[in-house]
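To start, the structure itself, in structure tokens.
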Amino acid sequence: MRAQRAGYLRPLVLIAAVTCLSIATLEAGAADAKARIPLPFAADPYPSTYQPLPRTDTLIEGATILDGAGHRIDNGDVLIRGGKIVAVGHGLSAGGATVINAHGRWVTPGIIDVHSHDGVFSIPSTSGDMDSSDVSELSDPNAADTWIEHAVNTQDPAFSAALRSGVTTLQILPGSTPLFSGRSVIVKPIPAADVRSMKFPGAGQGLKMACGENPKSYFGEKGRGPSSRQGEVALVREAFLKAQEYLQGWRDYESGIRAAPPARDLKLDTLAAVLTGDIAVHMHCYRSGDMSTMLGVAAEFGFQIRAFHHATEAYKIVSQLKKAGTCVAVWSDWWGFKMELEDAIRENAAMVDAAGGCVMMHSDSATVGQRLTIEAAKAAAVGRRMGLKLPPEHIIRWVTSTPAKALGLDDRIGTVGPGRNADIVIWSGDPFSIYTHADQVFIDGALAYDRANPRSSQEPDLLLGRPESRRRT
């Protein structure tokens, strides 16, 4: 009987052993798969080589401080050590730091331009500036495989102009002709021979997308799709369906279910990274209906649109934007240059803000990029005429902490507070006055621009030989 029972149990023991061996083999295979190749969109093959400019510890004394978090500190001090803000308050001790007397002047976080084309739509422009620029790859409505950093001309004078205007961080975006326009890059406007030396260390990438007139007009006129808004949406959905399959293929490979990884596809790399949340979507969109439609597409495929850019009818759909957690980056008063702007109003930013939406200013041009605080001032002035309370300590957020949040960098920049990077501007007066200049601009605690000593600030090669450049050398 015992022998019979043993004979009966022996196959069960063998099955259990084989099962355990199979599970162990699968686990080992999964671990081996992970070791063999990481997800291709999980790492940046072109990491930042940025190094801060020479810096010293600094105490800024007696300024009117707008901290970017909604507070105003009169006659306040800021202490910078090792490139970080270590204290903000009154009566701070220098402790060997260089002291800057800022009585009568204002201090803010460094200005952040969330939508710039500096370096790819370069100045000086020519009569055929669109043909000579690198702002858009126009060979296909899906240019998700392109990276705008591969086109940036670091010698563009727009970078130094932005720096002189208090800008310390920019997101460079490709243009808005393709539906999927390509990946963005976040940079610091410092003198550099290559873009990797300007890249913000550890900053995530964005994907620029576009809807509305631009894609359908350009490709439709050439007899290609999309030629209509419904065609745009169909192409976007089709692309994300393929990205879902591609992502699942990589996940199956990681888990050991699949023996070989999917064939690399640079377009799908980008879209899969959107689906995993590794790349943020920044979308060119004007009309409320278009924005609502694209929010629906994002919900269908389970990704978030971080911000709509331009968004001239955002005031119509604030509740939808809030529900989706989507910000808007807007101008103060641009309208009329295309049909999509027929319902644009100056009150847009103020109305979105008053309704509890997330709003910020953007440039879209090197000219506006030198005047972002004035953009905020104009937008706020219209809001005040509506009866809204918009003090300076509030509207400074539209060009500092809110764009920092949209870029996923609000734990490092956008506010003047302990532990933050020392990206700080000392203004000659109220930063929302057209008579005010950026006196001194600090990036990571280094004095990157000093209006009183312009010779200390490097200019790009394209400006060499100009009379003002000769005076500075």
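The values are calculated or read from the model by the stated rules, or taken from the named source; none is laboratory data. All of these numbers come straight from a predicted model, not from anything done at the bench. Counting neighbours? That spans all protein chains shown, and the Cβs are built from the backbone with ideal geometry, glycine included.
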> With Ser139, Ser122 as the choices, which residue is surrounded by fewer than 18 Cβ atoms within 10 Å (Cβ to Cβ), assigned to a loop (DSSP other than H, G, I, E, B) and assigned by TED's automatic domain parsing to the domain that holds Ile279?
Replying inline: Ser139
> What number of residues within the stretch 274-297 are buried (at least 24 other Cβ atoms within 10 Å of the Cβ), under 18 Å from the mean Cα position of the chain (by Cα) and hydrophobic (A, V, I, L, M, F, W, C)?
Replying inline: 3
> Looking only at residues in the stretch 354-374 that are crowded, with 24+ Cβ neighbours inside 10 Å and not aliphatic (A, V, I, L, M), which one is farthest from the chain's Cα centre (by Cα)?
Replying inline: Thr373
>> When you scan the stretch 99-110, do you find a residue that is in contact with a helix residue (DSSP H, G or I) (Cβ under 6 Å, 6 or more places away or on another chain), farther than 15 Å from Leu447 by Cα and assigned to a loop (DSSP other than H, G, I, E, B), even just one?
In response: no
> What pairs can you find where one residue is in the stretch 199-226 and in contact (Cβ under 8 Å) with a residue 60 or more places away in the chain, the other is among the acidic types (Asp, Glu) and part of a helix (DSSP H, G or I), and their Cβ atoms are less than 7 Å apart, with a gap of 6+ or different chains?
Replying inline: Cys211/Glu232; Cys211/Asp290; Gly212/Asp290; Gly212/Glu340; Glu213/Glu340; Pro215/Glu232; Pro226/Glu232
> Here are some residues: Ala422, Ala376. Which one is small (Gly, Ala, Ser) and within 21 Å of Ala354 (Cα to Cα)?
Replying inline: Ala376
> Picking from Arg306, Arg287, which residue would you name as being more than 24 Å from Leu39 (Cα to Cα) and either touching a residue at least 24 places away in the same chain (Cβ under 8 Å) or assigned by TED's automatic domain parsing to the domain that holds Ser116 (or both)?
Replying inline: Arg287
>> Suppose we keep only residues that are without any contact (Cβ under 8 Å) to a residue 60 or more places away in the chain and touching a helix residue (DSSP H, G or I) at 6+ places or on another chain (Cβ under 6 Å) within the stretch 359-377. Which one would you say is farthest from Ile317 (Cα to Cα)?
In response: Ala376
>> Regarding the stretch 52-68, can at least one residue be identified that is in contact with a helix residue (DSSP H, G or I) (Cβ under 6 Å, 6 or more places away or on another chain) and modelled with pLDDT of 95 or more?
In response: yes
> Got a sec? Which of Arg251, Arg258 is outside any helix (DSSP H, G or I) and assigned by TED's automatic domain parsing to the domain that holds Pro174?
Replying inline: Arg258
> Of the conditions (1) in contact (Cβ under 8 Å) with a residue 12 or more places away in the chain; (2) in the same structural domain as Ser217 (by TED's automatic domain parsing); (3) in a loop (DSSP other than H, G, I, E, B), Glu149 fails just one. Which one is it?
Replying inline: (3)
>> For a quick check of your reading: which helices (runs of 4 or more DSSP H) sit entirely within the stretch 339-426 and have at least 1 residues that are of a type in the set (Asp, Glu)?
In response: 348-354, 372-385, 392-395
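The rows are residues; the columns are (1) within 22 Å of Ser139 (Cβ to Cβ); (2) assigned to a strand (DSSP E or B).
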position	(1), (2)
Leu163	no, no
Thr169	no, yes
Gly182	yes, yes
Ala192	no, no
Leu207	yes, yes
Lys216	yes, no
> Considering only residues of the stretch 63-74 that are surrounded by fewer than 17 Cβ atoms within 10 Å (Cβ to Cβ) and in a strand (DSSP E or B), which is nearest to the chain's Cα centre (by Cα)?
Replying inline: Arg72
> When you go through Ile257, Ile305 one by one, which is the residue that is within 22 Å of the chain's Cα centre (by Cα) and either farther than 24 Å from Pro45 by Cα or of a type in the set (A, V, I, L, M, F, W, C) (or both)?
Replying inline: Ile305
>> When you check Ala272 against the structure, is it in contact with a strand residue (DSSP E or B) (Cβ under 8 Å, 6 or more places away or on another chain), within 22 Å of Ile172 (Cα to Cα) and in the same structural domain as Val114 (by TED's automatic domain parsing), yes or no?
In response: no
